[in-house]
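**Q** I'd like to ask you about the structure that follows.
The values are calculated or read from the model by the stated rules, or taken from the named source; none is laboratory data. Note that the structure is a prediction, hence the values are computed from the model and not measured. Don't worry about glycine lacking a Cβ; one is built from the backbone with ideal geometry, like all the others, and counts go over all protein chains shown. Side chains included, ligands, DNA and RNA excluded: accessible areas come from the protein's heavy atoms. Shrake-Rupley method; radii C 1.70, N 1.55, O 1.52, S 1.80 Å.
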Amino acid sequence: MKRKSIYITLAIVLLLGSSAYLFRTQLAIVAFDLFMAKDVEESLQHSYKPLQSDKTPEPVVMQSEPFSVMLLGSDQRDQEAARSDTLIYAVVRPMESKVLLISVPRDTYVDIIGRDRKDKINHAFAFGGHQMAKDTMEAFFDEEIDYYASINFEGLKNVVDAMGGVELPIGKDIVNKGRDHEKFTVEANKPIYSGEEALNYVRYREDSDFNRAKRQQVFLDAAAKRLKSLDQIGKVPELIQIMGDNFQTDMQPKFIIDLAKQMLTGGKVDMTSFTIMGEGMRIGGVYYNDPDMEDVEEARNLIDSWMDPNTKAAELLQPVDAEKQKLK
């Protein structure tokens, strides 16, 4: 009888142990709700910066419909004037854990809404902050944007360090050595890269605007995978605190928390990337990227497909020429 009770106890332990492993993400979410959610929501309140054009916030409910976000990476340091170094039109489909990233190279020559002139798209943020950047990107794609989210270089570096680094597919050394550029080297084939190295990876500018945009997409995918791992969930409050004033968005704190939990408990986050290509040109001695209008039209079609809640996951449009879109 004693031996039988030992077997029963062992079976129960194994069952509980396997259940804890199988449902480890769900258990972590429960722990998050119990012990961390309130602190995280309070911290996010400091980053919540609605725009003048934002509509009155609706009650936050479980996000099921696709929505769009303008993602900006700012080059602001200390009290310097800021420009948007990274510009991405993102479509998030939370029910399928799918994200579309459409990058616009920073030197792309566009109409700057509110300035009645054409200029590099990254200057819109310098001229008029998030509102002008959003208005300009909406006009460029002829598509509305639901939200914005931006982080500056210091915030990106510190967040990566707090995550314990990030894996990046760097096959050969990246060396920034131009006369007028900040000097740095990112070594190839390291198992993990620090915040400073990740920042230099996305900022490297001595090849092409296209490759720079693709590296930014690669970094976002790598960071998402790192965050998805179980050992990062407990670090969420620390990451939010670290971002602090370096992070701004018009997404309500509860919306962000509920969306994060929804994505964490869903399947693997699948990212599809597309970059607007173009031809280099000079006007008055200044370099610009003249956008390929066929790429712009393809981007609009991708956005329409991904934003349509009736589009099934298997029917979502994909970039036409995958080979053309690879990091060179």
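**Q** Looking at the range 278-328, which of the residues that are assigned to a loop (DSSP other than H, G, I, E, B), under 26 Å from E206 (Cβ atoms) and of a type in the set (D, E, K, R) is most open to solvent (accessible area, probe 1.4 Å)?
**A** K328
**Q** Considering only the range 35-113, give the strands (runs of 3 or more DSSP E) lying wholly within it that have at least 3 residues that are at pLDDT below 90 and open to solvent by 40 Å² or more (accessible area, probe 1.4 Å).
**A** Counting at least 3 such residues, we get no strands (runs of 3 or more DSSP E) at all.
**Q** If you don't mind, there's one more thing I want to ask. Would you check if there is a residue in the range 115-131 being open to solvent by 10 Å² or more (accessible area, probe 1.4 Å), aliphatic (A, V, I, L, M) and touching a Lys or Arg at 6+ places or on another chain (Cβ under 8 Å)?
**A** Yes: one or more hits.
Quick grid of which residues meet (1) open to solvent by 50 Å² or more (accessible area, probe 1.4 Å); (2) under 20 Å from Q248 (Cβ atoms); (3) of a type in the set (F, W, Y):
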residue	(1), (2), (3)
A133	no, yes, no
M137	no, yes, no
I145	no, yes, no
Y148	no, yes, yes
F153	no, yes, yes
L156	no, yes, no
I170	no, no, no
I174	no, no, no
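**Q** Same structure again: Those residues that are more than 14 Å from the chain's Cα centre (by Cα), part of a helix (DSSP H, G or I) and not small (G, A, S), I need them from the range 244-258; list them, please.
**A** D245, N246, P253, K254, F255, I257, D258
**Q** Being of a type outside the set (K, R), in contact with a strand residue (DSSP E or B) (Cβ under 9 Å, 6 or more places away or on another chain) and under 22 Å from G284 (Cα atoms): is that true of D146 here?
**A** No, not satisfied.
**Q** Looking only at the range 89-100, which residues are under 14 Å from F141 (Cβ atoms) and either of a type in the set (A, V, I, L, M) or free of Cβ contacts under 8 Å to residues at least 60 places away in the same chain (or both)?
**A** A90, V91, L100
**Q** (1) open to solvent by 50 Å² or more (accessible area, probe 1.4 Å); (2) at pLDDT 80 or above: which one isn't true of E238, the others all being true?
**A** Of everything listed in (1) open to solvent by 50 Å² or more (accessible area, probe 1.4 Å); (2) at pLDDT 80 or above, E238 misses just condition (2).
**Q** Specify the residue that is least open to solvent (accessible area, probe 1.4 Å); the eligible residues are those in the range 187-210 that are in contact with an Asp or Glu (Cβ under 6 Å, 6 or more places away or on another chain) and not in a loop (DSSP other than H, G, I, E, B).
**A** Ranking the qualifying residues of the range 187-210, first place goes to G195.
**Q** Further question: Which pairs turn up if I take residues in the range 101-125 that are touching a residue at least 60 places away in the same chain (Cβ under 8 Å) and look for partners that are in a loop (DSSP other than H, G, I, E, B) and open to solvent by less than 30 Å² (accessible area, probe 1.4 Å) with beta carbon separation below 6 Å, at least 6 apart in sequence or on another chain?
**A** Pairs that qualify, where the first residue is touching a residue at least 60 places away in the same chain (Cβ under 8 Å) and the partner is in a loop (DSSP other than H, G, I, E, B) and open to solvent by less than 30 Å² (accessible area, probe 1.4 Å), are V104/I121; V104/I276; R106/N122; T108/I121; V110/I121; K120/D107.
**Q** A follow-up question, please. Just need a number here: residues in the range 164-176 that are modelled with pLDDT of 90 or more and assigned to a strand (DSSP E or B).
**A** Selection size over the range 164-176: 3.
**Q** Right, next: Which condition breaks for D161 when tested against (1) assigned to a helix (DSSP H, G or I); (2) surrounded by 18 or more Cβ atoms within 10 Å (Cβ to Cβ)?
**A** In the conditions (1) assigned to a helix (DSSP H, G or I); (2) surrounded by 18 or more Cβ atoms within 10 Å (Cβ to Cβ), D161 misses (2) alone.
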